[in-house]
Amino acid sequence: MKFHKVTGGGGTQLNVVESGNAQGRPILYIHGLSQCWLQWSRQFDSDLAQNHRLVAMDMRGHGLSDKPLAGYEGSKLWADDVKAVIETLSLDHPIVCGWSYGPLVILDYIRHYGEAHIGALHFVGSVTQLGSEEALAALTPEFLELVSGFFASDVSESVRSLTGLLRLCFSQEPSIEELYLMLGYNLSVPPHVRQALLSRAINNDDILPTIRKPVLVTHGAKDAVVKPSVVGQHKVSIQHAEIQMVENAGHAVFWDDAANFNQRQRAFAQSLAKAHAAQGKAS
């Protein structure tokens, strides 16, 4: 396991972790709201590491990355963060995999820098809009009831709301030890960061139809945070996207059914390699 400090947008220092096969196709993981790179432990500890260079970044304001008081509103800073990680670590056309809020950051990157330096996209339990009635309609009432607590400065209120969030994420509840670890890194994110992230107004309807790189959309059929019906909207916007609905998984499908998730991610990567080889022969 290697730990890196990468200078992102506006000079923000980002914590980035990597493991696996340094010669393999890279997969860059971007976590969700109030999480950190540790959410991907069931990928880092799997046989994906035999064939892939696994890289996970702590978003600004999260994990061991800097937590500035400002610098969360503009899409360019988020785009610069992703660009910095790809360039600093020399990631060769990575599969960029984002969970929940993560795809918003991926789309920030595409908006400013396009797709030329990425190999494919993997959206997991994803939202692609914020700050509108349409965006709110994609989220469950159970999640929305918790949101005000995410901004609370009172520790007990933060613990209550973030514990509620974690319980919504899983169809199979983590052990007490796992839950306390997750709660710890959730609480390490200051309330002003969560408020800033959820206060952004984002509409990617102009970007989604322009995506040409391969896209895999994975969603848990039991997702209690982002309604599974949102997958149909993704398919309309990105018509060539592959869809994977996972029957016995919730919002954190990569945790609930890690074996299936990892197998599908591996197969997705292999399909990219085969397509690249076929293009080489054709040329």
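The values are calculated or read from the model by the stated rules, or taken from the named source; none is laboratory data. In this text the structure is predicted, and so the values were computed from the model without any measurement. No Cβ is skipped: glycine too gets one built from the backbone with ideal geometry, and neighbour counts run over all protein chains shown. When the accessible area is computed, the model is the full protein with side chains, heavy atoms only, and any ligands, DNA or RNA have been set aside. Shrake-Rupley method; radii C 1.70, N 1.55, O 1.52, S 1.80 Å.
Beta carbons closer than 6 Å, at least 6 apart along the sequence or on distinct chains, pair a first residue in the range 5-22 that is under 24 Å from N262 (Cα atoms) with a second that is part of a helix (DSSP H, G or I) and among the small types (G, A, S) for S19/A49; G20/A49. Residues in the range 36-48 that are touching a helix residue (DSSP H, G or I) at 6+ places or on another chain (Cβ under 8 Å) and open to solvent by 10 Å² or more (accessible area, probe 1.4 Å): 4 in all. Looking only at residues in the range 125-183 that are in a helix (DSSP H, G or I) and of a type in the set (D, E, K, R), the one that is surrounded by the fewest Cβ atoms within 10 Å (Cβ to Cβ) is E133. Can you name the residue in the range 184-213 that is assigned to a helix (DSSP H, G or I) and more than 23 Å from L64 (Cβ to Cβ) and is also least open to solvent (accessible area, probe 1.4 Å) among such residues? Looking at the filtered set, the residue picked out is L208.
Annotation note: Cβ proximity below 7 Å between a residue of the range 180-209 that is more than 24 Å from A79 (Cβ to Cβ) and a residue that is aromatic (F, W, Y) and open to solvent by 30 Å² or more (accessible area, probe 1.4 Å) (sequence gap 6+ or interchain) occurs for P191/F151. So K76 clears everything in (1) farther than 27 Å from L162 by Cβ; (2) part of a helix (DSSP H, G or I); (3) under 17 Å from the mean Cα position of the chain (by Cα) except one condition, right? Which one? That leaves (3) as the condition not met. Exactly one residue out of Q43, Q39, Q50 is more than 17 Å from the chain's Cα centre (by Cα) and not in a strand (DSSP E or B): that is Q50. Answer yes or no as to whether R111 is charged (D, E, K, R), closer than 22 Å to G250 by Cα and at pLDDT 95 or above. No.
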